[in-house]
Amino acid sequence: MGAGVDPALVLLALTSVLLLGSSRLTRGIRIVAFQGILLGGLTVAAHAHELSARVVALALLILALKGAAFPWLLSRVLQRADVRREVEPLVSYIISMMAGTLALAFSFWLSARLPLPSLPISTLAVPVALFTTQVGLFLIVSRRTALMQVLAYLVLENGIYTFGVGVVQGTPMIVELGILLDVFVAVFVMGIAIFHINREFDHIDANQLTLLTDWTG
Amino acid sequence: MTPASISSPLSALLLAPFLLGVTRRTKAIAAGRTGPPLLQTYYDLAKLLRKSVVYSRTTTWVFRAGPVVGLAAVLCATALVPLGGVPAPCAFEGDLFLFAYLLGLLRFFTVVAALDTGSSFEGMGASREVTFAALAEPVLLLALAAIARTVGSLSLSTMYSGVDATEWSRASAAFALLGGALVVVFLAENGRVPVDDPTTHLELTMIHEVMVLDHGGPDLAFILYSGVVKLWLLGALLVGLIVPVRSGHVWLDGAAAIAGMIGVAVVTGIVESSMARWRLVRVPQFLVGAGVMSVLALVLTRG
């Protein structure tokens, strides 16, 4: 385990809280990009004692995809879809952040009781991973803008990846690459979908999508 | 109680107004002005003390008690707070709660005195002050609890004498988070930018200033003095954490802490000249964010 693991995990948790409190989509995109960079660093730091070309390649790929490609793609969608740049929360920012604090406490409580197959790289790894996952889920249900839901999905994925890096040492490269490819396709499709939704309806409010139906009775 | 431990409250009482002068001078330099003299706060206090007081007929004894009780509370608090590694003259297990509640008492009486005037503006300021304090106080207590847990003591003096370079290397992540949380508490509790603007006199945006509009003369001097001493005390809690000089030598530790205090004052001045006051709705987010930082630090520390 490298020296950078704990700081990276703490920063990951803090950026998730920041995302709960941020009202602008552009800021959200920047935060998620920063999380991508953190995950790239975390991958290297977690394998610092046995750094192989495989790990470095994976870290670079994460950096390129999560730190650069996704943010670029999403900001492009945001520019093209000329919508209000706010996340339109269903739950206020302050309540969201307080819920985040509770989720953090819950994650630490839960991780202390969770039987794990192997020792995690840091005592923080499991709670932070659980917390990030919960933040992702919470953001998906509590923000109305479709773009924010894509960001939340990415945060969710970041949490799952952190869990993988923290607990399961030596996941096969092919699995990691497969997941990354899935995420890439998902974000790509969602980006295009948002653009089309916006062109049809002049908004990307996911709540109003329930009105979409063939049935006109 | 040793003679050396007197130095901690004594420096708070004597140097606190100077700290405000440093912040003001920093802001003046950043804005390209000469600014008032560094000792201006002392002159202000002397001027206010020589004035007579005017009391409105609508006020009661509560209004007169406000500044006096506030000053008394903050003076008691000076006896509890160590200056860096220099222990405070009065230290016992659990004195951190007494400290927090003495600051609470100061706030309570400022708020009650403001409400006693019956002015709607002062009521608005009081309401805001209490709203933000409800979020800032847990942050302070959680941060102190995290330090207490690391060092294994509930007394401020023992806690802060335990925060040394070895402890920093052991719990650097937690201490960095605590430093961030305490900076937020320092700015919020003392009504500095970005939470409150001490220089504003626009009714709709004031928090602390609006509560003391009706006070004058010696009463205002008491309020001003309690304000700067509170600034010093919360600054001392911050500096004790982020300047871990614990040589055991009173003069060296004290000098390092006072240098740290001046550093904090300069940084406050820079923060105030480089950013604007936030909208009131943003402030609770700022405080809750600091709360998350101290919760995380509390979890990270293992006693």
Could you please give the count of residues in the stretch B:70-121 that are outside any helix (DSSP H, G or I) and farther than 24 Å from B:LEU252 by Cα? 6
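Based on what the data block shows, is B:TRP232 within 28 Å of B:SER157 (Cβ to Cβ), among the aromatic types (Phe, Trp, Tyr) and either within 14 Å of chain A (Cβ to nearest Cβ) or within 20 Å of the chain's Cα centre (by Cα) (or both)?
Judged against the criteria, B:TRP232 is a match.
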Any idea which of (1) of a type outside the set (Lys, Arg); (2) over 24 Å from B:SER274 (Cα atoms); (3) in a helix (DSSP H, G or I); (4) in contact (Cβ under 8 Å) with a residue 40 or more places away in the chain is the one B:SER169 doesn't satisfy? (4)
Wholly inside the stretch B:177-291, helices (runs of 4 or more DSSP H) that include 1 or more residues that are in contact with a strand residue (DSSP E or B) (Cβ under 9 Å, 6 or more places away or on another chain) and either small (Gly, Ala, Ser) or touching a residue at least 40 places away in the same chain (Cβ under 8 Å) (or both) are B:217-242, B:250-274
So which residues in the stretch B:23-63 are within 23 Å of the chain's Cα centre (by Cα), of a type in the set (Lys, Arg) and closer than 18 Å to B:SER226 by Cα, if there are any at all? B:ARG24
Could you figure out which of (1) within 14 Å of chain B (Cβ to nearest Cβ); (2) surrounded by fewer than 22 Cβ atoms within 10 Å (Cβ to Cβ); (3) at pLDDT 90 or above isn't true of A:SER122? (3)
Output the residues belonging to the stretch B:227-253 that are of a type in the set (D, E, K, R) and modelled with pLDDT of 95 or more. B:LYS230
What number of residues in the stretch A:59-102 are under 18 Å from the mean Cα position of the chain (by Cα), part of a helix (DSSP H, G or I), among the β-branched types (Val, Ile, Thr) and within 14 Å of chain B (Cβ to nearest Cβ)? 1
Restricting attention to the stretch A:103-119, the residues that are surrounded by 14 or more Cβ atoms within 10 Å (Cβ to Cβ) and either at the interface with another protein chain (Cβ under 10 Å from one of its Cβ atoms) or of a type in the set (Gly, Ala, Ser) (or both) number exactly 6
Working only within the stretch B:195-221, note down all residues that are acidic (Asp, Glu) and either under 23 Å from B:LYS27 (Cα atoms) or surrounded by fewer than 17 Cβ atoms within 10 Å (Cβ to Cβ) (or both). B:ASP196, B:ASP197, B:GLU203, B:GLU209
For the stretch B:29-54, how many residues meet the condition of being at pLDDT 95 or above and small (Gly, Ala, Ser)? 1
Qualifying residues in the stretch A:7-47 (those that are hydroxyl-bearing (Ser, Thr, Tyr), touching a residue at least 24 places away in the same chain (Cβ under 8 Å) and in contact with a helix residue (DSSP H, G or I) (Cβ under 6 Å, 6 or more places away or on another chain)) - the one farthest from the other protein chains (Cβ to nearest Cβ): A:THR43
Considering only the stretch A:12-41, state which residues are closer than 20 Å to A:LEU65 by Cα, modelled with pLDDT of 90 or more and among the hydrophobic types (A, V, I, L, M, F, W, C). A:LEU12, A:LEU19, A:ILE29, A:ILE31, A:VAL32, A:ALA33, A:PHE34, A:ILE37, A:LEU38, A:LEU39
Within the stretch B:253-293, residues of a type outside the set (Val, Ile, Thr), facing chain A (nearest Cβ under 10 Å) and farther than 13 Å from B:PHE132 by Cβ come out as B:GLY289, B:MET293
Whether any residue in the stretch A:45-53 is closer than 24 Å to B:ALA174 by Cβ and either among the β-branched types (Val, Ile, Thr) or surrounded by 21 or more Cβ atoms within 10 Å (Cβ to Cβ) (or both) is what I want to check. yes
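The values are calculated or read from the model by the stated rules, or taken from the named source; none is laboratory data. Worth saying up front: this structure is predicted, and the values here are computed from it rather than measured. Cβ sites come from the backbone with ideal geometry, for glycine too, and all protein chains shown count toward neighbours.
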